[in-house]
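Notes for the one structure printed next.
Throughout, read-outs are computed from the coordinates displayed, never taken from laboratory work. Only a predicted model underlies this, so the values are computations on that prediction, with no experimental measurement involved. Don't worry about glycine lacking a Cβ; one is built from the backbone with ideal geometry, like all the others, and counts go over all protein chains shown.
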Amino acid sequence: MIITLIVAWIVFIILWKLLKATVSTALTLAAILILLNISFGITPQDIWHYLMQFAQNLSQIQTGK
């Protein structure tokens, strides 16, 4: 019984830390996107488009085209 509670507590702590890190990262990214939009007029779609182009360029460089 005690071992079960200890394992459950450890799993709970790990999940709590993971949730905190995820929420923190999401809020940081949201703040960056909002600042980019307000400051420079860059939308999330613009960033996504640039990332897709960058990935395409990398794949073309790797294949030698």
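Quick notes on this one:
- Flag if residue 56 is in a helix (DSSP H, G or I), surrounded by 10 or more Cβ atoms within 10 Å (Cβ to Cβ) and not hydroxyl-bearing (Ser, Thr, Tyr): yes
- Set 10, 38: member being out of contact with any helix residue (DSSP H, G or I) (no Cβ under 9 Å at 6 or more places or on another chain), exposed (fewer than 10 other Cβ atoms within 10 Å of the Cβ) and β-branched (Val, Ile, Thr): 38
- Considering the conditions (1) within 17 Å of the chain's Cα centre (by Cα); (2) assigned to a loop (DSSP other than H, G, I, E, B), residue 42 is excluded by exactly one of them, (1).
- Close contacts from the range 40-61, counting a first residue that is within 19 Å of residue 30 (Cα to Cα) and a second that is in a helix (DSSP H, G or I), with Cβ to Cβ under 7 Å and a gap of 6+ residues or different chains, come to 42/36; 43/37; 44/33.
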